[in-house]
Every structure is written in structure tokens, then in C-alpha cells.
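Remarks on the structure that follows.
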Amino acid sequence: MPKPRISVCNPLPSVEVRNSDVHGLGVFAQQALPKGATVGLYDGRRYTARQIARVDWDEKLTYLFGLSDGSTIDGGEGGNATRHLNHACAPNCEAVEEEDEAGLLTVRIVTLRRVKAGDELFIDYCLTADASAKPEDYACRCGARNCRGTMLGLESA
């Protein structure tokens with residue numbers, strides 16, 4: 001018999017937000033999660049590419065998640081616990097972009113391997129920045145053996 005998949009919607013009872021040793025607040029598993037478990041959907045206000053271009057984000061803490069269609073989800077407005085996922089170069093979760101029944105792109109956070117209760121959950125931000133950005137401006141604090149020293153994606157670093 002196959003193992004049941006854990007699917008959690010908003011609110012996210014299988015996780016809690018608390019202080020992180022990596023950075024600020026983090027998301028922690030409250031129970032063991034198997035590989036492939038859905039932690040939750042990244043939720044928040046939606047912006048079109050045109051709308052997001054008009055907002056001045058400089059010097060603001062942001063919880064922005066860019067999607068392949070150019071739209072952006074702002075987890076800081078109407079989001080849930082997933083907005084507090086910290087970056088790691090060797091993450092235990094990944095963000096999976098999918099279309100919902102209405103054709104709207106969504107982001108599902110899924111475990112990449114088994115996670116123990118109490119473990120902090122991480123994704124690789126793979127940030128993109130303009131050519132003038134320096135990788136050290138996006139310093140990584142994950143402490144992984146294979147840490148690349150920046151939250152920028154490989155093509156931006």
C-alpha cells in the first residue's frame with residue numbers, strides 16, 4: 001500500500017514559524033514529512049508583470065515569488081507561513097509551479113527528501129538580479145558544505 005501524501009492548505013498545520021539560526025524567521029516541520037509531501041501553497045497578492053514593474057521595492061523587505069508567466073506573488077500581502085521559508089544551497093524542499101483548475105499559476109512547496117519533525121524547511125531561492133549586482137550583495141548564510149555563498153542562481157552569480 002503506498003504511503004499517504006501529506007497535503008496541507010492554508011493554514012498549514014504541519015509547519016510552524018519561529019526564529020531561525022539561518023536568518024530571521026523560518027518554517028519548521030511539526031511532524032515528520034516524507035519525500036514528495038506538499039508543505040503548502042505559496043500564497044499572497046498577485047501582480048501582473050506590468051503592475052510589479054511600477055512598485056518601488058528598494059530597501060523594503062519583500063516576500064516576492066516570480067512566476068514563469070511574468071506575474072508575481074507577494075507573500076507579504078495575504079500570504080501564509082511559506083513566505084518565511086529561508087534559502088539554502090542544499091534545500092530540503094522545492095517550489096513547483098503548476099496550473100490550477102482555472103489555469104492560474106500556483107506554487108506548491110514540496111519536500112525533496114524525508115524531513116524530521118523539528119527540521120527547518122528550505123528552498124533554493126535562485127534569485128536573479130541585474131548585471132550590476134554583486135553576488136556578495138545576496139550573501140547566503142545556509143552553512144551547507146556546497147554553499148555557493150550567494151542566494152543568486154548559478155546563471156546570475
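Coordinate-derived values only; no laboratory data. Remember, predicted model here, so these are calculated numbers, not experimental data. Here Cβ is always computed from backbone atoms with ideal geometry, including for glycine, and neighbour counts include all displayed protein chains.
At-a-glance table
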read-out: Hits in segment 97-112 - residues which are loosely packed, with under 15 Cβ neighbours inside 10 Å and closer than 23 Å to THR150 by Cβ; value: GLU97
read-out: Selection status of THR128, more than 26 Å from TRP57 (Cα to Cα), touching a Gly at 6+ places or on another chain (Cβ under 8 Å) and of a type in the set (S, T, N, Q); value: no
read-out: Count of segment 29-43 residues which are among the aliphatic types (A, V, I, L, M), within 24 Å of PHE65 (Cα to Cα) and in a loop (DSSP other than H, G, I, E, B); value: 1
read-out: Hey, ILE73 touching a residue at least 12 places away in the same chain (Cβ under 8 Å), under 20 Å from GLN31 (Cβ atoms) and part of a strand (DSSP E or B) or not; value: no
read-out: Count - residues of segment 23-61 that are crowded, with 16+ Cβ neighbours inside 10 Å and either of a type in the set (S, T, N, Q) or in contact (Cβ under 8 Å) with a residue 24 or more places away in the chain (or both); value: 15
read-out: Number of positions in segment 76-121 that are among the aliphatic types (A, V, I, L, M) and in a loop (DSSP other than H, G, I, E, B); value: 7
